[in-house]
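What follows is a set of notes on a single structure, which appears directly below.
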Amino acid sequence: MTSSLLRAAVRNNAYWCDAVCKAQGSPGEFTSTLWFHRRGTPPFYPDAITLTETDDETAEAIATLVNSEKRDWAVKDSYAAVDLAPLGFTILFEAEWIGMRTPIPAPSPFTWQRMESAADLARWQAEWGKANGPITQTIFTEPLLHDPEITFLLGFEHGQPVGGGILNHHAGVVGHSNLFAEDRHGEAIRRGLIAQAARLYPGEPLVGYEHGDDLDEALRTGFELLGPLRIWLKEA
């Protein structure tokens, strides 16, 4: 049976993706089964996110979308429940939703700073970009900093940034995403984000999704598995 925490994690992620697009002046659209964007999203963000486990109805809605415009389409199949292969999609990667019902504040070896200005955001993006390679298109814009439910965080050691991430408070949970860190600080940065979430949004569950080594790291820090997801890609 699908847990309420999983459903909240899915909804939280859709709200976050919509916030990123809205901050660029182009919000997406919600239906009962999908969040989607007709004109294309920033790098690393899907064009559609399934919000329910229904198969035929969701696939039909996605088919209508992709047939409306011939371009690359990326779909986050939130419950790993929709077969998009007949529409020409291939699986880009599979991952697991993760959740922590009661994050606990804990001491961190780092000093944490919330990004509050355009200069702060530029610095955060520069550090994040080091972990993700050259990115030529703007993804995060200043309006995100003015949303009280969204927090960009940078962790410092001896005055130098060593990692960070984003927290977003929607659907009754806190999503953590875009985590980055110097190799030797990965787990400590995640534990620091957990502590920051507990401090900023006390009593709220923490959710996200990971795969590979990052998933192993998240489980070591106390997250539990909530359910699988798939990212599908269809090239023009």
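Some observations on this one:
- Residue check, Y15 in contact with a strand residue (DSSP E or B) (Cβ under 9 Å, 6 or more places away or on another chain), open to solvent by 20 Å² or more (accessible area, probe 1.4 Å), in a loop (DSSP other than H, G, I, E, B) and under 25 Å from A197 (Cβ atoms): no
- Within the range 96-147, considering residues that are modelled with pLDDT of 90 or more, open to solvent by less than 60 Å² (accessible area, probe 1.4 Å) and of a type in the set (S, T, N, Q), the one farthest from the chain's Cα centre (by Cα): S117
- Among the residues of the range 32-57, those that are in contact with a Ser or Thr (Cβ under 8 Å, 6 or more places away or on another chain) and within 19 Å of S4 (Cα to Cα) comprise S32, T33, L34, I49, T50, L51, T52, E53, T54.
- G203, sole failed condition from (1) among the small types (G, A, S); (2) open to solvent by 70 Å² or more (accessible area, probe 1.4 Å); (3) within 18 Å of the chain's Cα centre (by Cα): (3)
- Going through (1) hydroxyl-bearing (S, T, Y); (2) open to solvent by 30 Å² or more (accessible area, probe 1.4 Å); (3) at pLDDT 90 or above; (4) within 29 Å of Q125 (Cβ to Cβ) one by one, T31 falls short only on (4).
- Single residue of the range 151-197 satisfying the filter (closer than 24 Å to G212 by Cα and free of Cβ contacts under 8 Å to residues at least 12 places away in the same chain) that is least open to solvent (accessible area, probe 1.4 Å): D183
- The range 44-67 residues that are among the hydroxyl-bearing types (S, T, Y), paired with ones that are open to solvent by less than 30 Å² (accessible area, probe 1.4 Å) and assigned to a helix (DSSP H, G or I) (beta carbon under 7 Å, 6 or more apart): Y45/C17; Y45/V20; T50/T58; T52/T58
The values are calculated or read from the model by the stated rules, or taken from the named source; none is laboratory data. Being a predicted model, the structure only gives us computed values, none of them experimental. Cβ atoms come from the backbone with ideal geometry, glycine included; neighbour counts cover every protein chain shown. Surface accessibility is based on the protein's heavy atoms, side chains included, excluding ligands, DNA and RNA. Shrake-Rupley method; radii C 1.70, N 1.55, O 1.52, S 1.80 Å.
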